[in-house]
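The values are calculated or read from the model by the stated rules, or taken from the named source; none is laboratory data. From a predicted model like this one, the values you see are computed outputs, not experimental measurements. Here Cβ is always computed from backbone atoms with ideal geometry, including for glycine, and neighbour counts include all displayed protein chains.
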Amino acid sequence: MAEPKQLAGTGGTLDANLVTPRGVVAHQATDVISAPGELGMFELLPGHIPMLTALKPGVLTIGSGKFRGRYAVSSGYLRIGPAGAVEILVEQAVLAGDIDVEKARVDLKAAEAELAAWGDRPTDGDWKSLLDKVAWAQARVDARTN
Amino acid sequence: MPSLKAIRKRIGSVKNTRKITRAMKLVAAAKLRRAQDAIIAARPYALALSNVVSELAEVAGTDAHPLFEAREGNRTAIVVFTSDRGLAGAFNANVIKKVEAFVATELPADAEVSLRLIGRKANQYFSRRNARITSFDPAPTGATALDVARETANRIVDDFLNKKVDRVLVVFNEFKSAISQTVMIKQVLPVVPEGGGAGAGAAGSAGGVDYAYEPGKEELLARMVPLYVQIGLYRAALENIAGEFGARMSAMENATKNAGEMIAKLTLQYNRARQASITKELLEIIGGAEALKG
């Protein structure tokens, strides 16, 4: 008789699900996730206690070795449940290989220039959008270069 | 009675119009499918985020974040979604009518109403009527919907937190099917968490699971609530896109049908006119022959 298939999360795996408003970007069983937490980069291993944490724009990697998926992500959250199900919800995510790094650099430069020219104008919602733009462009550049 | 040539010309022009409306219908149908897929794709994210926000609101209390705070004031901002282009039946007119009816009947007479318009049609209408327009953006497309939602969310969240407005509503066409769209008016701010979440856990836990919250619950709420506002607007934007294509599809289908009817009518008229001219010619020939005989 074939050995029963091990369920994700019960025997040393994480069931990672990366979701954005545009749809599910990745859904895979893995052994390690590294994510850009609000308080700094962290690594998540199987058997982690249930946790809900905020993510900031940066580079997220799921898996290791040749199964490693590297993504640029913007802000969102990561939640690991008691059974090892990892829900990663971010507003934007793109696989590092799919990033047009030249365009990301151009976007970054343009957004930074706009931010530098902001001057004395009030730091309102549009200013916040600009910060988001800078962070997202930076995350895309980082995902390809670092 | 118009001449044969004039009728023939007219038939040709109506046939060309029919070609255009038919093509527009097909284009709208193809785009509609993509827009519907985008709505479906956004569901898992919206659902998960909504759960997290209601769980956090449950464990931290709804007074934990200022975006939950219901205020007494009567400054209302309305985010209005329309399209950039017409030729979509009453799609835009319905939204505009709803906004005007709402302001006239549901809000107190001294309410200060400001508009954040998305879509040129809304701007064309309201800018002519001296409405207070705080911002205007072109209508979103599939590619720009998320950016439009983010920018608008940042603006209204900032307005609300800085007490420039007390309430924010969004008006958009909800996509029911290709032939029916309903104009919806929804409150975006203050946020009312959809009750229950994943289940009523004891204080300090969500859905019965003890989560470690990093940073704290309040800080998490502060990050998640704006995202929740954003996804609400994103969904409104997607519904608006799908609704526009649905409305255009049925409008163009009707136009194609009407063109067909018109062509049939004109063809009949053309044939009659042709027959009349043949008869007239025959009579002239017969008359001429009779005269020669005489």
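With the structure loaded, tell me whether B:L47 is without any contact (Cβ under 8 Å) to a residue 60 or more places away in the chain and within 27 Å of the chain's Cα centre (by Cα) or whether it fails that test. Against the criterion (without any contact (Cβ under 8 Å) to a residue 60 or more places away in the chain and within 27 Å of the chain's Cα centre (by Cα)), B:L47 qualifies.
Taking the numbered list (1) in contact (Cβ under 8 Å) with a residue 24 or more places away in the chain; (2) under 30 Å from B:D63 (Cα atoms); (3) surrounded by fewer than 23 Cβ atoms within 10 Å (Cβ to Cβ) in turn, B:L220 passes all entries but (3). In segment B:88-189, counting only strands (runs of 3 or more DSSP E) that sit wholly within it, the ones holding 2 or more residues that are within 23 Å of B:I39 (Cα to Cα) span B:112-118, B:167-177, B:180-189. Pairing each residue of segment B:202-217 that is within 17 Å of B:D63 (Cα to Cα) and more than 10 Å from chain A (Cβ to nearest Cβ) with any residue that is assigned to a loop (DSSP other than H, G, I, E, B) and at pLDDT below 85, provided the two are 6+ apart or on different chains, yields C-beta distances under 9 Å for B:G204/B:D210.
Per-residue answers, yes or no, for (1) in a helix (DSSP H, G or I); (2) outside the structural domain of B:S83 (by TED's automatic domain parsing); (3) free of Cβ contacts under 8 Å to residues at least 40 places away in the same chain:
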{"position": "B:V229", "(1), (2), (3)": "yes, no, no"}
{"position": "B:G232", "(1), (2), (3)": "yes, no, no"}
{"position": "B:A242", "(1), (2), (3)": "yes, no, no"}
{"position": "B:T256", "(1), (2), (3)": "yes, yes, no"}
{"position": "B:G260", "(1), (2), (3)": "yes, yes, no"}
{"position": "B:L268", "(1), (2), (3)": "yes, yes, yes"}
{"position": "B:S277", "(1), (2), (3)": "yes, yes, no"}
{"position": "B:K280", "(1), (2), (3)": "yes, yes, yes"}
{"position": "B:I285", "(1), (2), (3)": "yes, yes, yes"}
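Screening segment B:156-167 for residues that are within 12 Å of chain A (Cβ to nearest Cβ) and either among the acidic types (D, E) or touching a residue at least 24 places away in the same chain (Cβ under 8 Å) (or both) and picking the one that is nearest to B:A28 (Cα to Cα) gives B:I156.
Checking B:L47, B:L32, B:L56 one by one, the residue that is within 13 Å of chain A (Cβ to nearest Cβ) and either of a type in the set (D, E, K, R) or more than 23 Å from A:V25 (Cβ to Cβ) (or both) is B:L56 and no other. Taking (1) in a helix (DSSP H, G or I); (2) more than 10 Å from chain A (Cβ to nearest Cβ) in turn, B:E72 satisfies each apart from (1).
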